[in-house]
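Participant: Attaching a single structure in structure tokens format; questions to follow.
Values in this text are rule-based calculations from the coordinates and carry no lab data. Being a predicted model, the structure only gives us computed values, none of them experimental. When we count neighbours, we look across all protein chains shown, and the Cβ atoms used for this are built from the backbone with ideal geometry, even at glycine.
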Amino acid sequence: MSAAQNCLFPWQMPSWEQLTRWIDTQRLPHALIFSGTSGIGRSNLALCFAQSLLCESTQANYAACGECKSCRLFQAQNHPDFMLIEPEHSGKPITIDSIRELRRNLVLSPQYDRYQVVIIRPAGKMNKNATNALLKTLEEPTPQVVLILISETVGELPVTIISRCQQLTIARPDPALATQWLSQFVESAQSEILLSLVNGAPLVALALHESKALEQRKLIFRAWLDVAECHADPVEIAEKWVDLASQTTLFWITGWIIDIIRLHSYPKTQSLNNADFREGLQALAQRLNLTHLFAFFDLLLESRKLVDSQINQQLMWEEILIEWQSITKAC
């Protein structure tokens, strides 16, 4: 099996076939947007495609050979005709300086007489000045240059950028295929639970498994129930949760509320993201008011927007947990 074929995840083959059709018909766009939910390997597909475009001896289906000088340079992250542009620091934007450097490099001809390939990720993190500078590059495309913008949703990008790019949406894998792939690393029964927690994104599910997060999730759920039953003080729990990954904890709690709302409306539903917690969620659904649930859901969504800001994490959790205890009316 060739290097590029081996680097692709099974669910990415339809996207790969679309990319190779553009090459076959000599209609390869000079700029593409790879979109799709997190955890399905958008960057992986982009890197596989970049290596194939740069490879000196592509195999069947345009897969990179993995052995030529160009492939070795790419694998060593030292290929002169490849640029990866991303924020210098986590949580920071991509600035105009990065795009200016890109424009200076694209003035030069490819050193290996094939393509110059640029990956920008996440493209939605470009600030306004960077976006405007990139727009000039898109308006005056350079031959043999392929730009790949990676974004969770196309809507994160300005219309002026979108209109100058070909879009490729990478689909979330079929549940059976995702379970089959994940079961290489995790027991089948646990694979289904993991995938249900992350909306079917296999790579996020695998990362969740490797981080031992499922054990942490059980502890958080137990504390959440204890607050609802007045067996725990919301302020004390808030103090403990400050040290947790707040975004992940909020994601889980939001999922529990969604399942409670489903069970409130359809008690026998099998469509639960947290089927392993069904008994506890069902008991809550039987006694909670829908109006209160939706108001609490809005509070969670607002907290998720602010959690990566300078918000006081303990005060945020105190507000959430006190409100949660209030709507359960157990005290």
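Participant: Multiply the residue gap between Leu219 and Arg278 by 0.36 nm, knock off their C-alpha separation, and tell me the result in nm, one decimal place. Display every interim value, and only then the final one.
Facilitator: Details: separation 59, 0.36 × 59 = 21.24 nm, distance 1.57 nm.
Full extension from Leu219 to Arg278 adds 19.7 nm.
Participant: Restrict the search to the range 147-229; then list the trypsin sites (Lys or Arg not before Pro) that DSSP places in a loop and that have at most 13 other Cβ atoms within 10 Å of their Cβ. Walk me through the numbers before you get to the answer.
Facilitator: Numbers: sites: Arg164, Lys212, Arg217, Lys218, Arg222; in loops: Arg164, Lys212.
Counting only loop positions with at most 13 other Cβ atoms within 10 Å, the trypsin sites (Lys or Arg not before Pro) in the range 147-229 are Lys212.
Participant: Would you mind getting me the FRET efficiency between Asn105 and Glu152? Use the beta-carbon distance for r and R0 = 25 Å, nearest 0.05.
Facilitator: On the way: r = 27 Å, r/R0 = 1.06.
With R0 = 25 Å, the Cβ-Cβ based efficiency is 0.40.
Participant: Among Phe294, Ser271, Ala232, which residue has its Cα positioned farthest towards the positive end of the charge dipole of the range 212-328, with +1 placed on the Cβ of Lys and Arg, -1 on the Cβ of Asp and Glu, and the dipole taken about the Cα centre?
Facilitator: Of Phe294, Ser271, Ala232, it is Ser271.
Participant: By its C-alpha gyration tensor, with a ≥ b ≥ c as the square roots of the eigenvalues, how is the range 212-328 shaped: rounded for a/c under 1.5, else prolate for a/b larger than b/c, else oblate? Intermediate results must be reported in sequence, preceding the final value.
Facilitator: Values: a/c = 1.55, a/b = 1.47, b/c = 1.06.
It is prolate, given that a/c is not under 1.5 and a/b is the larger ratio.
Participant: Work out from phi, with θ = phi - 60° and the Karplus expression 6.51 cos²θ - 1.76 cosθ + 1.60, the ³J(HN,Hα) of each residue of the range 290-297, listed in order in whole Hz, and give x for Gly and Pro.
Facilitator: So the Karplus estimates, Gly and Pro as x, are 4, 4, 5, 4, 5, 5, 5, 4 Hz.
Participant: Efficiency by 1/(1 + (r/R0)^6): what FRET value for Val242 and Glu210, r their Cβ-Cβ distance, R0 = 22 Å, to the nearest 0.05?
Facilitator: On the way: r = 24 Å, r/R0 = 1.10.
The calculated FRET efficiency here is 0.35.
Participant: What is the set of long-range amide H partners of Ile148 at a cut-off below 5 Å, with H atoms built 1.01 Å from backbone N?
Facilitator: Leu32, Val118, Ile119, Ile120
Participant: Step through the residues of the range 173-184 one at a time and calculate ³J(HN,Hα) from phi using the Karplus curve (6.51 cos²θ - 1.76 cosθ + 1.60, θ = phi - 60°), rounding each to whole Hz and writing x for Gly and Pro.
Facilitator: Computed from phi, the couplings for the range 173-184 are x, 4, x, 5, 5, 5, 5, 4, 5, 5, 5, 5 Hz.
Participant: In addition: Treating the beta-carbon of each Lys and Arg as +1 and of each Asp and Glu as -1, no other charges, what is the dipole magnitude of the chain about its Cα centre, to the nearest 20 debye? Intermediate values should be presented prior to the final figure.
Facilitator: Working: 28 positive and 34 negative charges, 166 e Å.
With Lys and Arg at +1 and Asp and Glu at -1, about 800 debye.
Participant: How about the range 251-294: which trypsin sites (Lys or Arg not before Pro) there lie in a loop by DSSP and see at most 14 other Cβ atoms within 10 Å?
Facilitator: Numbers: sites: Arg262, Lys268, Arg278, Arg287; in loops: Lys268, Arg287.
Here the sparse-neighbourhood loop sites are Lys268, Arg287.
Participant: Right, here's the next one. If you plug each phi of the range 73-90 into the Karplus form 6.51 cos²θ - 1.76 cosθ + 1.60 with θ = phi - 60°, what whole-Hz ³J(HN,Hα) values come out, in order, with x for Gly and Pro?
Facilitator: 5, 5, 5, 7, 6, 9, 7, x, 9, 10, 10, 10, 10, 8, x, 5, 9, 4
Participant: Can you match P(r) over Cα pairs in 20 Å bins from 0, in percent to one of these, [x] 29, 53, 16, 2, 0; [y] 29, 57, 13, 0; [z] 26, 48, 24, 2, based on a calculation from the structure here?
Facilitator: Matching the structure shown: [z].
Participant: Now a separate question. Given Cβ point charges of +1 (Lys, Arg) and -1 (Asp, Glu) and nothing else, what value in debye, to the nearest 20, does the dipole of the range 3-171 about its Cα centre take?
Facilitator: Details: 15 positive and 14 negative charges, 49 e Å.
That gives the range 3-171 a dipole magnitude of about 240 debye.
Participant: For Arg27 and Ala60 in the same chain, what is the full-extension length gain: residue separation times 0.36 nm, less their Cα-Cα distance, in nm? Display every interim value, and only then the final one.
Facilitator: Details: separation 33, 0.36 × 33 = 11.88 nm, distance 1.87 nm.
Full extension of this stretch gives 10.0 nm more.
Participant: Return the loop-located trypsin sites (Lys or Arg not before Pro) in the range 20-60 (DSSP other than H, G, I, E, B) with at most 10 other Cβ atoms within 10 Å of their own Cβ; answer none if there are none. Spell out each step's value before the answer.
Facilitator: Values: sites: Arg21, Arg27, Arg42; in loops: Arg27.
The qualifying sites are Arg27.
Participant: Of Asp81, Asp97, Asp226, how do they rank once you tally other Cβ atoms within 10 Å and put the fewest first? Spell out each step's value before the answer.
Facilitator: Working: Asp81 24, Asp97 12, Asp226 15.
So the ranking, lowest neighbour count to highest, is Asp97, Asp226, Asp81.
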